[in-house]
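The block underneath contains the structure these notes are about, expressed in structure tokens.
The values are calculated or read from the model by the stated rules, or taken from the named source; none is laboratory data. Note that the structure is a prediction, hence the values are computed from the model and not measured. Here Cβ is always computed from backbone atoms with ideal geometry, including for glycine, and neighbour counts include all displayed protein chains. Quick note on the areas: whole protein, heavy atoms, side chains included, nothing else; ligands and nucleic acids left out. Shrake-Rupley method; radii C 1.70, N 1.55, O 1.52, S 1.80 Å.
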Amino acid sequence: MHRIRGNLDSVRQRIARAAEAAGRDPGEITLVAVTKTYPAETINEGIEAGITIIGENRVQEAAGKYPRIGQRAQWHLVGHLQSNKAKKAVEIFSLIHSIDSVKLAQEVGRRAAERGKVQGVLLEVNTSGEAQKQGVEPDRTLEVLGEAGEIKGIRVMGLMTVGPLTGEVTKIRKAFEKLRTIFEEAGGLGLANVEMRHLSMGMSGDFELAIAEGSNMVRIGTAIFGSRA
Ligand SMILES: *Cc1c(COP(=O)(O)O)cnc(C)c1O
């Protein structure tokens, strides 16, 4: 309990310092506490310590913990979504960060419309060019946004990326800079049903670089809860 509270305080301070260093208001940066692999008990301790948004990367795992946490926090899906889990996903999550194709957007929209819900989603972009990474190619992002904006049952609320797995700071910054550039460009197009509100980038190892490059939503797990077993 004390450890999570202490870690959370220190992450908040680091977010604030990174924001201030970039001349930004710390209050504009939303913290998503990534709770994958941690049990409901640990997550509830985090919620008591002040976490308001939790991020899970698998629908099934989230569904298993949901009964013991419920709406004490908002749920975000940060990991890859398979079409056959879309129905369950729209039941649990207020924001899905990982839409990476028009087809998946259509399935999520269809399932959300069945529930009478408009599902908030982000488009995931592969900014690192790493083959194993999910996400739309940067060059195709504007086109996919245009198509996603026409789908009933979803509302596109921004972009997400996972930074490259490297220790090279320049490479990481480049990837984040690329997403911010697309974010600004897309925001200026005035696409129907597409809002560039959330720029989701930055994890425990790189969130300060992401904030320096304009992130307003960071997804942080291990820096809060400790390393995963
Ligand atoms: C696990 C995960 C995170 C958090 O990673 P940490 O290194 O634990 O902070 C963020 N985003 C995604 C998509 C993840 O899968």
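If you put +1 on each Lys and Arg Cβ and -1 on each Asp and Glu Cβ, how big is the dipole of the range 2-225 around its Cα centre, in Debye rounded to 20?
680 debye
If each DSSP helix of 4+ residues adds -39,500 (n - 2.57) and the sum is divided by the residues in the chain, what number results at 222 nm, nearest 500 deg cm²/dmol?
-13000 deg cm²/dmol
If you take the charge dipole of the range 1-85 about its Cα centre, with +1 on Lys and Arg Cβ and -1 on Asp and Glu Cβ, which of ALA19, LEU8, VAL59 is farthest toward its positive end?
Going by the charge dipole, the pick is VAL59.
Could you tell me what percent of the accessible area of the chain is made up of carbon and sulfur, with a 1.4 Å probe and every protein chain present?
Of the solvent-accessible surface of the chain, carbon and sulfur hold 48 percent.
Can you flag which of LYS65/LYS133; LYS36/LYS174; LYS88/LYS152; LYS87/LYS117; LYS133/LYS174; LYS36/LYS133 are past 23 Å Cα-Cα?
LYS65/LYS133; LYS36/LYS174
Taking a probe of 1.4 Å, how large is the accessible area per residue of the range 2-225, in Å²?
Per residue, the range 2-225 has 45 Å² of solvent-accessible surface.
Hey, could you get me the Stokes-Einstein D for the chain, Kirkwood radius over alpha-carbon pairs, 10 °C and 1.306 mPa s, rounded to whole µm² s⁻¹?
It diffuses with D of about 90 µm²/s by this estimate.
Expressed as a rounded percentage, what relative contact order does the chain have, with Cα pairs under 8 Å and six or more residues apart?
About 20 percent, as a whole number.
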